[in-house]
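Please read the structure below before turning to the comments.
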Amino acid sequence: MKKGIVDRQMIPYSRTRHHLYTFADIKGSCASLIRTKKMAKRAAVTDIPILLIGETGTGKELFAQSIHSSSLRGHAPFIAVNCGAIAENLIESELFGYIGGSFTGANQEGKKGKFEAAQYGTLFLDEIGDMTPRAQVTLLRALQEKEITPVGGVTSKKVDVRIIAATNKNLLEEIEHNRFRADLYYRLRGIQLTLPTLRQRRDLIQIATSILEEIGYSSLIISEKAKQKILHYRWPGNIRELKSILIEAAFLSDGQVIRSEDLQIEMRHPKFENEAEENPLRNAEKMVIEKYLKIAEGNISVAAAGLQISRNTLYRKMKEYNIEV
């Protein structure tokens, strides 16, 4: 029987620090993914900083959470920070916290910063390539000294956190153009892991099948024409886009088979095969986010969990793309 709607229960709910993703959640059998996953597992048991490089939608936060879960710090907090979303005048208070009443609008009881919240655990610095120059200096100082001073405070605090950073930018090029500090880059780049894009992988159908199982449609069969359509598309939004397309296809299907016409790829990117769109990657990401928010009925936590990003990251991207709920 055909399922009439895509239920919110089919999307995993927000992961807390007690229920983070693990390496078992990273699906796929292509050689490049297996190599990256193997390196990530080896890196997890060390305390060396990790830099994750990958396009939007390749699963950087999924890898970050999995590394944390398998580390000796797995019992402690995993705190995600979207570096590009922090206003420059708030960088110190966000990262280091503040003393009550230390500035206009401050909570009278004060607030812990991200470093202190992640004490003994992992601090995940997402979109590190979007950090402003001033913020880079502030972060570098904290990493070098391994201590912070809350805004309005006079006493420094020692911090013990493992750093995992992620970006979709080429940081070496950013350094050449004086947009990113070389000393911060080498501080973060203890171990660098590059995540493969979906178009580089040879296990697309296996991934699609796993996604269908995850969203509650394990009985659906993908037709041969639909498989060819999946294999010949470039997937600028990577796994995040594939998941969104399949959720919609499952809804449009007859409940037994996903046909080629159920995959609404051309409608999303009518000009992409000719590469005539101004920015297909950004367009793909915006449409994927809109789809998840629609499925989640505007619930930010549910949509963020389905997208495998943090709530803060989703809020930032909604603002970037002028998406309202």
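Worth pointing out:
- Of the residues Gly101, Gly97, the single one that is surrounded by fewer than 17 Cβ atoms within 10 Å (Cβ to Cβ) and modelled with pLDDT under 95 is Gly101.
- Residue list for region 114-156, restricted to those being among the basic types (Lys, Arg) and at pLDDT below 95: Arg134
- Subset tally (residues that are charged (D, E, K, R) and under 24 Å from Ile215 (Cβ atoms)) for region 306-321: 2
- Long-range neighbours under 7 Å by Cβ, at least six apart or interchain, first residue under 16 Å from Glu127 (Cα atoms) within region 169-186, second of a type outside the set (Val, Ile, Thr) and surrounded by fewer than 14 Cβ atoms within 10 Å (Cβ to Cβ): Ile175/Ala182
Yes or no, residue by residue, for (1) in a loop (DSSP other than H, G, I, E, B); (2) β-branched (Val, Ile, Thr); (3) farther than 26 Å from Ala303 by Cα; (4) modelled with pLDDT of 95 or more:
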| position | (1), (2), (3), (4) |
| --- | --- |
| Ser210 | no, no, no, no |
| Lys227 | no, no, yes, yes |
| Arg240 | no, no, no, no |
| Ile245 | no, yes, no, no |
| Glu248 | no, no, no, no |
| Phe251 | no, no, no, no |
| Glu266 | no, no, no, no |
| Glu278 | yes, no, yes, no |
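- Test: residue in region 107-124 that is of a type in the set (Asp, Glu) and touching a residue at least 60 places away in the same chain (Cβ under 8 Å): no
- Test: residue in region 170-179 that is modelled with pLDDT of 95 or more, crowded, with 16+ Cβ neighbours inside 10 Å and basic (Lys, Arg): yes
- Cross-chain or 6+ apart pairs with Cβ under 8 Å, region 75-98 first and without any contact (Cβ under 8 Å) to a residue 40 or more places away in the chain, then assigned to a loop (DSSP other than H, G, I, E, B): Glu94/Ile86; Glu94/Gly113
The values are calculated or read from the model by the stated rules, or taken from the named source; none is laboratory data. Just so we're clear, the structure is a prediction, and the values are computed from it rather than from any experiment. Don't worry about glycine lacking a Cβ; one is built from the backbone with ideal geometry, like all the others, and counts go over all protein chains shown.
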